[in-house]
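What follows is a short report on a single structure.
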Amino acid sequence: MLSFFTENLTADFIHYSAYECGFAPCTDCRACRKSEGCALNDMDAFFADFETADGIIIASPVYNMSFPSPLKAIIDRMQRYYSARFFLDKRPPVAKRRPVAMLLSAGSPDENGDFSAMQLRKIFTVTNCELLCRVTLNNTDNIDSIHAVQEELLREAGKFAASVNLITNPSQYF
Ligand SMILES: Cc1cc2nc3c(=O)[nH]c(=O)nc-3n(C[C@H](O)[C@H](O)[C@H](O)COP(=O)(O)O)c2cc1C
C-alpha cells in the first residue's frame with residue numbers, strides 16, 4: 001500500500017521503519033514539562049523531519065485495534081508536544097501544519113481504522129497535523145493483494161498531493 005501510494009506522489013521521501021529504529025518508549029519523566037524537547041535524544045533527527053515535512057504518511061498493520069508497539073512508542077513520544085502546548089504554553093508547539101495519510105492493513109473484514117484514527121487525533125491536535133487521507137485494506141487473511149483498495153489509494157494520493165500545496169493556515173488547530 002505504501003509503495004503504491006508513494007509511487008503516485010512526486011516528492012522526496014524520508015522513510016522511518018518503527019521496528020528498525022527501535023525508539024525508546026516514553027516513561028513520563030516529565031522533563032518536557034520544564035523545558036521544550038525530550039530528555040532522550042534518540043529521536044532528535046526524527047522530530048526534526050516530523051516538524052518540517054510537507055506531509056506525513058503513516059503505514060501500519062492493525063494490531064489489537066491499534067498500532068504495533070514500536071509505532072505506538074513513537075506516538076507516545078509525542079508527549080513532548082503536549083507538554084510544550086499545555087505546560088510551556090507554546091502555541092502552536094509545531095509551527096508548520098502538515099497533512100497526514102494513514103494507510104492500514106487489517107485481518108478482520110470489519111476493521112475500519114476508526115480506533116487508530118482516534119488515537120492519532122489526540123497527538124495531531126498538539127502537533128499541527130491533520131488526518132486528511134485514510135485507506136484501510138481489511139480481510140488480509142483472505143485477501144493477498146492491494147487490488148481492492150487501489151482506486152481508493154489513487155484518489156487519496158491525489159488529495160494528499162493537492163493538500164500539501166493548499167495548506168496555508170498554520171493556526172487553524174489552535
Ligand atoms: C499481534 C497481532 C494482532 C493483530 N490484531 C488485529 C486486530 O486487532 N484487528 C485486525 O483486523 N487484525 C489484526 N491482526 C491482523 C493484522 O492486521 C494483519 O495480519 C496484517 O494487517 C497483515 O498485513 P501485512 O501483511 O502487511 O502485515 C493482528 C495481527 C497480529 C500479528
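We did not get these values from a lab; they are worked out from the coordinates using the rules stated. The shown structure was predicted, so the numbers you read here are calculated from the model rather than taken from an experiment. All Cβ positions, even for glycine, are placed from backbone atoms using ideal geometry, and neighbour counts span all protein chains on display.
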Check your understanding: Of the residues Ser163, Ser35, Ser17, which exhibits the maximal mean-square fluctuation in a Gaussian network model of the chain defined by a 10 Å Cα contact cut-off?
Key -> Ser17
Review point. For the stretch 94-158, what is the charge dipole size about the Cα centre, in debye to the nearest 20, if Lys and Arg each add +1 at the Cβ and Asp and Glu each add -1 at the Cβ?
Key: 620 debye
**Study point:** Note, ³J(HN,Hα) from phi for the stretch 47-64, Karplus 6.51, -1.76, 1.60, rounded to Hz, x at Gly and Pro
**Key:** 4, 4, 5, 4, 6, 9, 4, 7, x, 10, 10, 10, 10, 7, x, 8, 10, 6
Check your understanding: Any idea which of Leu88, Leu2, Ile57 is furthest toward the positive side of the dipole for the stretch 2-166, if Lys and Arg beta-carbons carry +1 and Asp and Glu beta-carbons -1?
Key -> Leu88
Practice item. Please compute P(r) over all alpha-carbon pairs of the chain, binned at 5 Å starting from zero, and give each bin as a whole-number percent. Key: 1, 8, 17, 20, 21, 16, 10, 5, 2, 0
Point to revise | Extension gain, Asp110 back to Arg91 (0.36 nm per residue minus Cα-Cα distance, nm) | key: 3.0 nm
Exercise for review: Please report, in debye to the nearest 20, how large the charge dipole of the chain is about its Cα centre when each Lys and Arg carries +1 at its beta carbon and each Asp and Glu carries -1 there.
Suggested key: 980 debye
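Using 0.36 nm times the number of residues separating Ala162 and Ile143, minus their current alpha carbon distance, what extension gain do you get? Write out the running numbers ahead of the final one.
Values: separation 19, 0.36 × 19 = 6.84 nm, distance 3.03 nm.
So the chain would gain 3.8 nm between Ala162 and Ile143.
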Exercise for review: Pull up the cross-link candidates among the aspartates and glutamates for Lys90, meaning alpha carbon to alpha carbon under 20 Å and not fewer than 8 places away within one chain.
Suggested key: Asp28, Glu36, Asp44, Asp49, Glu51, Asp76, Glu130
Review point. Which of the aspartates and glutamates could a cross-linker bridge to Lys34, judged by Cα under 17 Å and excluding same-chain residues fewer than eight apart?
Key: Asp89
